[in-house]
1. Tell me the Kirkwood radius of the chain: reciprocal of the mean inverse pair distance over distinct alpha-carbon atoms, in Å.
2. Please arrange R355, R255 by accessible surface area, largest first, computed with a 1.4 Å probe and ligands excluded.
3. What do you get for chymotrypsin sites (Phe, Trp or Tyr not before Pro) in the range 51-95 restricted to DSSP loop and a cutoff of at most 16 other Cβ within 10 Å of the site's Cβ?
4. Report the relative contact order of the chain, percent, no decimals, based on alpha-carbon pairs under 8 angstrom and at least 6 residues apart.
5. Tell me, what ³J(HN,Hα) does each residue in the range 346-356 have, in order and in whole Hz, if you take phi through Karplus 6.51 cos²θ - 1.76 cosθ + 1.60 with θ = phi - 60° and put x for Gly and Pro?
6. Using protein chains only and a probe of 1.4 angstrom, how many square angstrom of M408 are accessible, to the nearest 10?
7. When the Cα centres of the range 25-53 and the range 362-419 are compared, how far apart do they sit, in Å?
8. Could you report the accessible area of D412 in Å², rounded to 10, computed with a 1.4 Å probe on the protein chains as they sit in the structure?
Amino acid sequence: MKHDSTTASASHSSLQQTDARFHLHPFSNATRLNNKGARVITHADGVYIWDDQGNKILDGMAGLWCVNLGYGREELAAVAEQQMRTLPYYNTFFQTTHGPVAQLAEAIASVTPGDLNRIFFASSGSEAIDTLMRLTRHYWAIKGKPWRNILISRDNAYHGSTIGGTSLGGMSGMHQQGGPLVPNIERIRQPYWYGEGGDQSEEAFGLTAARALEEKILAVGPDNVAAFVAEPIQGAGGVIVPPASYWPEIQRICRQYDILLAVDEVICGFGRTGNWFGSDTFNIQPDIISMAKGLSSGYLPIAAVAVGDRISNALMEHDNDFNHGFTYSGHPVAAAVALKTIEIMKTEGIVEQVRDSTGPYFQKALRESLSDHPLVGQIDGVGLVAGIALVQDKATKTLFPSSLDIGMICRDHCFANGLIMRAVGSRMVLSPPLIISKTEINELCQKIRTCLDLTLTSAQQAGAL
Ligand code: PMP
């Protein structure tokens, strides 16, 4: 795409001013942001984005964990244009359907795990999560047990920011705002061995963390629980990869107490962990999953929920409407782009590439180039997603005092040095586009090292080391 930097730079401050006056940003402190001025991103290609000051930035986050095929995919733009010209919109409420949505449902079913072959559409991960919440509760109502409506999730989980997603998630900062929250949601501890495992081995801690689910089920009564909801890897919680012992034990517990297992694949889905879904990577057999982001590579907003036979059969047997849906459920343009995304992923072998080549390379390169850094306590990750724990003292795993926001300091150094790496507290997280090459992974690791050095200097200057 052509970009005129002269025009853009001439309008830089006026754009920032307009933005400051009229735009309320998500998850932002409006005053602080407006004083500084938002950075203006102008165009993007492959794994890079550019700002209007001419800075080229390596996007280590694939936007917000979503631009899996990278920027500048002409095929996706072409299919969107064509669909806009033929049928830009029609709903799926009035006993109507259209090509893109029916074909996309089939394409999704061709890659989902197990029997998850019936697909409901939404436009965002949060809407998919609300759908999943209503659907799991509705399932038990159909089964004659409407009281069975408690949803169990985990501390530090992120499931979106609608009232449903906020309530289900485990982010205390979000719970404090915009309540009261949706009732009948319980939470258990997260499986964060490095941060919370104490003296336990990784395997033993995985079992302890999973058995917290059993304890919770017994505490509230098994016949009151609708579902356990969790991400295969907690993404926005800091890329927390559970110990290998965790998921098999969760699966056992859900089976034993007949609890629906709902897996939030919004980040892990579509190749991120080196398989189509995180459930494949961790050998989970869910009853229902949510997905978004990588479904359209972030090019248009679209999300989905896939259900297996258990829920699907209940819905079919029940001679009543499921009173739920969105104006844009199965939007034809978004569906056409998602369909093309899946086609490209298949023809280019993107999932296999992440599984066999770039994923292992990325994980190895991160460890080889960063493990010895004085700030790096732990590097965790699978496929093309990783979390780096920053610590004050490696030997004791001591964190920096909260007065020094080490994650934000590091993130700002990254931003200033041509790299997007996000901070979640003191964990730095990475989720580059899945088309990243080995050469670009090397560049990414070099940039991270430089920024960690700068962060170390900042911490020293602040007297924290
Ligand atoms: N679930 C998970 C696991 C997520 O990571 C996110 C977004 N980061 C959501 C749900 C919500 O998705 P959205 O922002 O599209 O509503």
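The values are calculated or read from the model by the stated rules, or taken from the named source; none is laboratory data. Computed from a prediction, not measured in an experiment: that's the story for all the values here. All Cβ positions, glycine included, derive from the backbone under ideal geometry; neighbour counts span all protein chains shown. Accessible surface areas use protein heavy atoms only, side chains included; no ligands, DNA or RNA. Shrake-Rupley method; radii C 1.70, N 1.55, O 1.52, S 1.80 Å.
1. 23.2 Å
2. R255, R355
3. Passing both the DSSP loop test and the Cβ count: Y89, Y90, F93, F94.
4. Over the chain, the number comes to 20 percent.
5. With the stated coefficients, the range 346-356 comes to 6, 5, 8, x, 5, 5, 5, 4, 5, 5, 9 Hz.
6. Answer for M408: close to 70 Å² accessible.
7. 23 Å
8. My reading of the accessible area for D412 is about 70 Å².
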